1. Can you find even one residue in the range 7-17 that is open to solvent by 70 Å² or more (accessible area, probe 1.4 Å) and in contact (Cβ under 8 Å) with a residue 24 or more places away in the chain?
2. Say whether the condition of being among the basic types (K, R), more than 16 Å from F12 (Cα to Cα) and touching a residue at least 12 places away in the same chain (Cβ under 8 Å) is met by at least one residue in the range 65-75.
3. Going through the range 23-37 one residue at a time, which ones are open to solvent by 50 Å² or more (accessible area, probe 1.4 Å) and either within 8 Å of the chain's Cα centre (by Cα) or not aliphatic (A, V, I, L, M) (or both)?
4. So, of the residues in the range 56-97 that are of a type in the set (S, T, N, Q) and open to solvent by 70 Å² or more (accessible area, probe 1.4 Å), which turns out to be nearest to L36 (Cα to Cα)?
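The values are calculated or read from the model by the stated rules, or taken from the named source; none is laboratory data. As the structure is a computational prediction, the values presented were derived from the model and not from experiment. We place every Cβ from the backbone using ideal geometry, glycine too, and count neighbours over all the protein chains shown. The accessibility values were calculated without ligands, DNA or RNA, using every heavy atom of the protein model including side chains. Shrake-Rupley method; radii C 1.70, N 1.55, O 1.52, S 1.80 Å.
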Amino acid sequence: EYSISAAAIAIFSVGFAIIGTICVLLSFRKKRDYLLKPASMFYTFAGLCIIISVEVMRQSVKRMIDSKETVWIEYSYSWSFACACSSFVLLFICGIALLLIALPRFPQNPWETCMDAEPEH
């Protein structure tokens, strides 16, 4: 039951990553910079979905180990757990970085920009 939920959440993560990639490609190809903000959010959501999926799967394994029906001497996480955690970190940090890149630049001195404006008549 838990593994099906984790797989469904992982599929949502893949969908978010694909939509984010499409937004980035359209942004660079058509010079539409406003698509970078949604792309960054899609990447961040993909990373969050991955970490939720990993946690659901980890809880499923922990529940299976703690049950009275199975006897486990020892267990360890495999390389796929490390890959999932590193993909979460990579997607989340890159999503935040893309959002910071896509934000408009702040003026160096805001008072100068307000005083340089043309007076309204």
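1. In the first step, residues of the range 7-17 are kept if they are open to solvent by 70 Å² or more (accessible area, probe 1.4 Å); the result is 11-12, 14.
Now drop any that are not in contact (Cβ under 8 Å) with a residue 24 or more places away in the chain, which leaves 12, 14.
For the range 7-17, residues open to solvent by 70 Å² or more (accessible area, probe 1.4 Å) and in contact (Cβ under 8 Å) with a residue 24 or more places away in the chain: present.
2. Checked the range 65-75: no residue is among the basic types (K, R), more than 16 Å from F12 (Cα to Cα) and touching a residue at least 12 places away in the same chain (Cβ under 8 Å).
3. If the condition is that a residue be open to solvent by 50 Å² or more (accessible area, probe 1.4 Å) and either within 8 Å of the chain's Cα centre (by Cα) or not aliphatic (A, V, I, L, M) (or both), then F28, R29, K30, K31, R32, D33, Y34, K37 are the ones that fit.
4. Filtering the range 56-97 for residues that are of a type in the set (S, T, N, Q) and open to solvent by 70 Å² or more (accessible area, probe 1.4 Å), the one nearest to L36 (Cα to Cα) comes out as Q59.
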